[in-house]
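Heads up, the thing below is written out as structure tokens.
The values are calculated or read from the model by the stated rules, or taken from the named source; none is laboratory data. This is a predicted model, so every value here is computed, not measured. As a convention, Cβ positions derive from the backbone with ideal geometry for all residues, glycine included, and neighbour counts pool all protein chains shown. For accessibility, only protein heavy atoms count, side chains too; no ligands or nucleic acids. Shrake-Rupley method; radii C 1.70, N 1.55, O 1.52, S 1.80 Å.
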Amino acid sequence: MTSDQAISLLQAYSSPTHASNLARYAIQAPHALGVKSPDIKLVAKRIGINHALALDLWHYSTHEAKLLAVLLADHRLLTPRQLDSWAHDFYSWDICDHACTFLFRKTPFAYEKAEELANRQPEYVRRCGLVMMTTLALHDKGAEDEKILPFLNYVNKYADDERNFVLKAVNWLLRQVGKRSLKLNIEAIQLAGILAERTNKASRWVGKDALRELESEKIQLRLKRT
């Protein structure tokens, strides 16, 4: 299948109404067809894994072409250099999170790259590193707590980054680490308490918002049962 044929499949599901609604979710996608996520997944399932096609689709300006490329890419073939290149191309949070969830976290160099990207300055690149950590904390069930615990260093380090999509990624990471186990919950709550007392407005929001969930009865009961 060619890239043009793949785009044609996406166009069959396009909706101008959905395209215009993307801005309501803070999704910056000037070249969107308006294809919903479930429909992009249907197209990806029809095509199957095709790494060469994914690399080609990534260079299209069409928003959904990039989302489809993520689903078609083979994590076993994705190189660190390609991951870097894609991360620096991000212009919207949904593509960033989509790539982290369905592709980047599955690579054998995910932990290394997550820390590397989190330390970079561009907003969506830093978000990418933080979201990779979040998805690893969520999906890497076999990882010991000691492997996930260092992620809290990045919460502490970047909690004062007031850029919207970094700030929300830091908060998400703190909450996800703290919901993974009772031991990590204690560590996350301790850090959240420290952040909540800082003078920086962003840090205070991260800490206070995370504490509400991490100290909740629902989370505490679930963790004590595991």
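Is there a residue being over 15 Å from the mean Cα position of the chain (by Cα), among the small types (G, A, S) and within 19 Å of H18 (Cα to Cα) anywhere in region 46-69? Step through it out loud before you land on a result.
In the first step, residues of region 46-69 are kept if they are over 15 Å from the mean Cα position of the chain (by Cα); the result is 46-65, 68-69.
Now restrict to residues that are among the small types (G, A, S): 48, 52, 54, 61, 65, 69.
Narrowing further to those that are within 19 Å of H18 (Cα to Cα): 61, 65.
Within region 46-69 (the criterion being over 15 Å from the mean Cα position of the chain (by Cα), among the small types (G, A, S) and within 19 Å of H18 (Cα to Cα)), the answer is yes, since at least one residue qualifies.
Checking the structure you have, find out if any residue of region 131-150 is open to solvent by less than 30 Å² (accessible area, probe 1.4 Å), under 24 Å from P80 (Cα atoms), modelled with pLDDT of 95 or more and in a loop (DSSP other than H, G, I, E, B). Give the steps one after another, and end with the answer.
Step one: list which residues in region 131-150 are open to solvent by less than 30 Å² (accessible area, probe 1.4 Å), which gives 131-137, 143, 148.
Keeping just the survivors that are under 24 Å from P80 (Cα atoms) gives 131-137, 143, 148.
Filter once more, keeping what is modelled with pLDDT of 95 or more: 131-137, 143, 148.
When the remaining residues are screened for being in a loop (DSSP other than H, G, I, E, B), the result is 143.
Yes, region 131-150 contains at least one residue that is open to solvent by less than 30 Å² (accessible area, probe 1.4 Å), under 24 Å from P80 (Cα atoms), modelled with pLDDT of 95 or more and in a loop (DSSP other than H, G, I, E, B).
Take G178 and tell me if it is under 16 Å from the mean Cα position of the chain (by Cα), of a type outside the set (A, V, I, L, M, F, W, C), within 23 Å of A202 (Cβ to Cβ) and surrounded by 23 or more Cβ atoms within 10 Å (Cβ to Cβ).
Working: under 16 Å from the mean Cα position of the chain (by Cα): no; of a type outside the set (A, V, I, L, M, F, W, C): yes; within 23 Å of A202 (Cβ to Cβ): yes; surrounded by 23 or more Cβ atoms within 10 Å (Cβ to Cβ): yes.
Spelling it out, it is not the case that G178 is under 16 Å from the mean Cα position of the chain (by Cα), of a type outside the set (A, V, I, L, M, F, W, C), within 23 Å of A202 (Cβ to Cβ) and surrounded by 23 or more Cβ atoms within 10 Å (Cβ to Cβ).
Would you check if there is a residue in region 170-178 being assigned to a helix (DSSP H, G or I), in contact with a Leu (Cβ under 7 Å, 6 or more places away or on another chain), among the polar types (S, T, N, Q) and at pLDDT 95 or above?
Yes, that holds for at least one residue.
Among the numbered conditions (1) in a helix (DSSP H, G or I); (2) closer than 25 Å to E162 by Cα, tell me where Q121 comes up short.
Result: Q121 fails condition (1) only.
Check region 152-161 and report whether any residue there is hydrophobic (A, V, I, L, M, F, W, C), out of contact with any Lys or Arg (no Cβ under 8 Å at 6 or more places or on another chain) and either in a loop (DSSP other than H, G, I, E, B) or surrounded by fewer than 22 Cβ atoms within 10 Å (Cβ to Cβ) (or both). First the steps, then the outcome.
In the first step, residues of region 152-161 are kept if they are hydrophobic (A, V, I, L, M, F, W, C); the result is 152, 155, 159.
Subsequent filtering for residues that are out of contact with any Lys or Arg (no Cβ under 8 Å at 6 or more places or on another chain) retains 152, 155.
Next cut, either in a loop (DSSP other than H, G, I, E, B) or surrounded by fewer than 22 Cβ atoms within 10 Å (Cβ to Cβ) (or both) only: 152.
Yes, region 152-161 contains at least one residue that is hydrophobic (A, V, I, L, M, F, W, C), out of contact with any Lys or Arg (no Cβ under 8 Å at 6 or more places or on another chain) and either in a loop (DSSP other than H, G, I, E, B) or surrounded by fewer than 22 Cβ atoms within 10 Å (Cβ to Cβ) (or both).
Given the structure, is A87 open to solvent by less than 10 Å² (accessible area, probe 1.4 Å), without any contact (Cβ under 8 Å) to a residue 24 or more places away in the chain and within 16 Å of the chain's Cα centre (by Cα)?
Values: open to solvent by less than 10 Å² (accessible area, probe 1.4 Å): yes; without any contact (Cβ under 8 Å) to a residue 24 or more places away in the chain: no; within 16 Å of the chain's Cα centre (by Cα): yes.
Spelling it out, it is not the case that A87 is open to solvent by less than 10 Å² (accessible area, probe 1.4 Å), without any contact (Cβ under 8 Å) to a residue 24 or more places away in the chain and within 16 Å of the chain's Cα centre (by Cα).
Given the conditions (1) in a helix (DSSP H, G or I); (2) free of Cβ contacts under 8 Å to residues at least 60 places away in the same chain; (3) open to solvent by less than 50 Å² (accessible area, probe 1.4 Å), report the number of the one that F165 does not fulfil.
Checking F165 against (1) in a helix (DSSP H, G or I); (2) free of Cβ contacts under 8 Å to residues at least 60 places away in the same chain; (3) open to solvent by less than 50 Å² (accessible area, probe 1.4 Å), the one that fails is (2).
Which residue, of K183, K168, is within 22 Å of D97 (Cβ to Cβ) and among the charged types (D, E, K, R)?
Numbers: K183 fails: within 22 Å of D97 (Cβ to Cβ).
Step by step, each of K183, K168 is checked, and only K168 is within 22 Å of D97 (Cβ to Cβ) and among the charged types (D, E, K, R).
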